Amino acid sequence: MATRKNSPWQYAFNPRYWPILTSLGIFWCLAQLPFAVQSVIGTGLGQLMYVFSKRRRHIATVNLSLCFPDLDEHEKKQLLQRHFRSMGISIMEVVSGWWAPAKRLKKLVTINGLDYLEYALNQGTGVILLSAHFTCLEIGGRLLSLYAPFHVMYRSNENPVVEMFMRKNRELHFEKAIPRDNVREMLNSLKQGKAVWYASDQNFGHKNSVFADFFGVPAATNTATSRLAKLSGASVIPFFPVRRPDGKGYDLNLLPPLDNFPTGDALIDAMRINKLIEDQIRKAPEQYLWMHRRFKDRPGGVDNVYQ
């Protein structure tokens, strides 16, 4: 029986991929459930992660200790537990972002500042939708796509089945899906006057990075946003989705374009972006991705804080 390229059928007859196909099938079913039910399931998943993901719990604990030194142990533990619940909900948000119908999703969202994006696109200039790794990032992109077209950068998955579904769904909901390492394609999109969704707040090592304070702690900070804005002439519009405190929907916040950006000084630009992200994190700290080793690389050869 012939199989089509980039189709689930190319994996369906290989037992190696049956567990992941079964899991994805279950998640598709979960994506059809009411939003409130998904939140309850996600919260339960997060609690299980808190209990069994010892390594991730350690990383998040170190990050919270560095970024919120004024919290006592009880407050820090409470924030850590809320973060894991938020991470569990984010799993449900990923599958909803892939498979939930647009009509149902649109009922969950309030969007602020859409006029900033529309104005920039009407000028014919590209737009870097500058975001950060919040737990509702995935569904935030899907929700914004209901109001405006844009291209999206994404990190490829090593599992070929997950990668296929991820790419197919992003190509379905966005104008174009661009692998994170394909900077040339992103630059082409910006020069064509397109908006590109981009989050650069993770630690990519010393290459093309500067050490800029993040919550007062030096962190290797990618300078790609400055370089891309300079090369393309694109506007930089911050975009931050947030899950509402009552858990009943999302606010999509588009902020005014950054003025005088880039400045020509990579460190000043990096400090500005980090401060912008910090301000958003403080509004809902449990929703930021604290499980990432943000301070893995240290200036002056200082030992890794996660050891």
* Specify the residue that is farthest from THR135 (Cα to Cα); the eligible residues are those in region 187-212 that are of a type in the set (Gly, Ala, Ser), buried (at least 19 other Cβ atoms within 10 Å of the Cβ) and at pLDDT 90 or above. => SER189
* To do: Scan (1) in contact with a Pro (Cβ under 6 Å, 6 or more places away or on another chain); (2) under 25 Å from SER145 (Cβ atoms); (3) surrounded by 21 or more Cβ atoms within 10 Å (Cβ to Cβ) for the single condition LEU255 breaks and write down its number.
  => (3)
* Meets criteria (more than 28 Å from ASN222 (Cβ to Cβ), buried (at least 21 other Cβ atoms within 10 Å of the Cβ) and hydroxyl-bearing (Ser, Thr, Tyr)) for SER96 -> yes
* Positions within region 213-234 being among the hydrophobic types (A, V, I, L, M, F, W, C) and crowded, with 20+ Cβ neighbours inside 10 Å, in sequence order -> PHE214, ALA219, ALA220, LEU228, ALA229, ALA234
* **Hits in region 181-228 (condition: over 20 Å from the mean Cα position of the chain (by Cα) and closer than 19 Å to ALA270 by Cα)** => HIS206, LYS207, ASN208, VAL210, PHE211, ALA212, ASP213, GLY216, VAL217, PRO218, ARG227
* Structure fact -> Those residues of region 265-292 that are buried (at least 16 other Cβ atoms within 10 Å of the Cβ) and under 19 Å from MET87 (Cβ atoms) come to a total of 12
* Asked: What number of residues within region 83-126 are of a type in the set (Lys, Arg) and under 20 Å from PRO256 (Cα atoms)?
  -> 0
* Structure fact -> Just one listed residue, out of ASN260, ASN253, is in a loop (DSSP other than H, G, I, E, B) and among the polar types (S, T, N, Q), and it is ASN260
* To do: Look at TYR198 and say whether it is aromatic (Phe, Trp, Tyr) and not in a helix (DSSP H, G or I).
  => yes
* Give me a count of the residues in region 119-172 that are more than 14 Å from the chain's Cα centre (by Cα) and in a loop (DSSP other than H, G, I, E, B). => 12
* Which one is farthest from MET166 (Cα to Cα), of the residues in region 1-22 that are surrounded by fewer than 10 Cβ atoms within 10 Å (Cβ to Cβ) and at pLDDT 75 or above? -> PRO15
* Options ILE237, ILE178; residue that is without any contact (Cβ under 8 Å) to a residue 40 or more places away in the chain, crowded, with 17+ Cβ neighbours inside 10 Å, in a strand (DSSP E or B) and β-branched (Val, Ile, Thr) -> ILE178
* Structure fact -> Among helices (runs of 4 or more DSSP H) entirely within region 18-118, at least 1 residues that are within 30 Å of TYR306 (Cα to Cα) occur in 35-52, 54-67, 73-99
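The values are calculated or read from the model by the stated rules, or taken from the named source; none is laboratory data. Note that this is a predicted model, so its numbers are computed, not measured. Heads up, the Cβs are rebuilt from the backbone with ideal geometry, glycines too, and the neighbour counts pull from every protein chain shown.
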